[in-house]
Amino acid sequence: MSNPEVASEAVRSRVQVESTTTGVEVLSARDVPLGGPRALQVRRTISQRARTLIGAWCFADHYGPVEIPAAGMDLPPHPHTGLQTVSWLFSGTIEHRDSLGTHSLIRPGELNLMTGGHGIAHSEVSTPDSTVLHGVQLWVALPDADREAGRDFQHHVPEPVRMYGAELRVFLGSLEGETSPVRTFTRLLGAQLDLEPHAAVTLSVDPGFEHGLLVDAGDVRLDGTAVQPGELGYVAPGVEALTVTNRSDGPARTILLGGPPFEEEIVMWWNFVVRDHEEILRARQDWEAASERFGSVEGYHGRRLPAPPVPDVIITPRRNPPRRADRV
């Protein structure tokens, strides 16, 4: 998806972060309208001032369930550079086309991962039989050595794994003996964890990773700390197990993200993940000039999405704030 926020991260007001005695930080989301007059409201937990990244995960939008208007959801071709996009749905179906020539459907429980290193463009349109959209859109920052990687697209359907009172789908990385075959440029973890009413599960995790648990539904506790739907619970590196509990009478659904701390500074503006302000200007100019850097999306009948104006400030690189001693 396209990112409608184009103001500098440094000048925007940020959401609240709640620190707890368990070592879990709870990040609240902010509401962001995605699109035009019939904007899709998304809940964004990262990036924010308190937490720029979790591993190389640099962007997390959570949306729905929301009814699709009669005209459907139609996101015209738009560019990406310096990142991988991860699309994961709970309900609905989206048709994906990109400048690599890919034509694919995004369905619930199926991973679509697109690489736009040097540059790629894609469109996303809801299918006529979709009445509700619900899911997450995630971005991964590419490390400096791989920022010029070529266009790529991968599709994977992870097998659900039954655990006591829970079901696990590992779409990136490895967890509880399950490993995704999808290629990434840094070590990552991405998984959907569903829990039955009043169930609890303890997951063995990599102590070198930091983790974020995004809650979609349920009265969830992460290592004893309440994380409400729409919030994200953050845990710093150094733990070997995470306990997730559903205290509600209905099912709970969560997304677990992780990776080793990403130590490089990044600049995020619109749909670009770069390293400095000049790179933003070059990428925007290339998109507006319809250069071959981003290519064209065949099969989409309509205009491309124009780039917004660049803010009248120098957008400076950011990294995560230093970790407190009690998190190490």
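GLY109: on the phi > 0 side of the Ramachandran plot, of a type outside the set (A, V, I, L, M), touching a Phe, Trp or Tyr at 6+ places or on another chain (Cβ under 7 Å) and in contact (Cβ under 8 Å) with a residue 40 or more places away in the chain, yes or no? No: the conditions fail for GLY109. For beta carbons closer than 8 Å, sequence separation of 6+ or different chains, a first residue in the range 299-314 that is loosely packed, with under 10 Cβ neighbours inside 10 Å and a second that is part of a loop (DSSP other than H, G, I, E, B) and not polar (S, T, N, Q), the qualifying pairs are PRO309/VAL6.
Selection over the range 175-217 of residues that are in a strand (DSSP E or B) and free of Cβ contacts under 8 Å to residues at least 24 places away in the same chain gives a count of 2. Quick check: anything in the range 193-200 closer than 23 Å to VAL26 by Cβ, at pLDDT 95 or above, surrounded by fewer than 18 Cβ atoms within 10 Å (Cβ to Cβ) and touching a strand residue (DSSP E or B) at 6+ places or on another chain (Cβ under 6 Å)? Yes, because at least one residue in the range 193-200 is closer than 23 Å to VAL26 by Cβ, at pLDDT 95 or above, surrounded by fewer than 18 Cβ atoms within 10 Å (Cβ to Cβ) and touching a strand residue (DSSP E or B) at 6+ places or on another chain (Cβ under 6 Å). Reported count of residues in the range 230-246, each being assigned to a loop (DSSP other than H, G, I, E, B) and more than 12 Å from VAL24 (Cβ to Cβ), is 4. Being closer than 24 Å to VAL170 by Cα and either surrounded by fewer than 18 Cβ atoms within 10 Å (Cβ to Cβ) or polar (S, T, N, Q) (or both) is a property that SER91 has. Within the set GLY92, GLY116, the sole residue that is touching a residue at least 12 places away in the same chain (Cβ under 8 Å) and at positive phi turns out to be GLY92. Would you confirm whether or not the range 103-110 contains a residue that is surrounded by fewer than 19 Cβ atoms within 10 Å (Cβ to Cβ) and either within 16 Å of PHE294 (Cβ to Cβ) or of a type in the set (Val, Ile, Thr) (or both)? No, that holds for no residue.
The values are calculated or read from the model by the stated rules, or taken from the named source; none is laboratory data. Computed from a predicted model, the values in this text were never measured in an experiment. In this analysis, Cβ positions are derived from the backbone assuming ideal geometry, glycine residues included, and neighbour counts consider all displayed protein chains.
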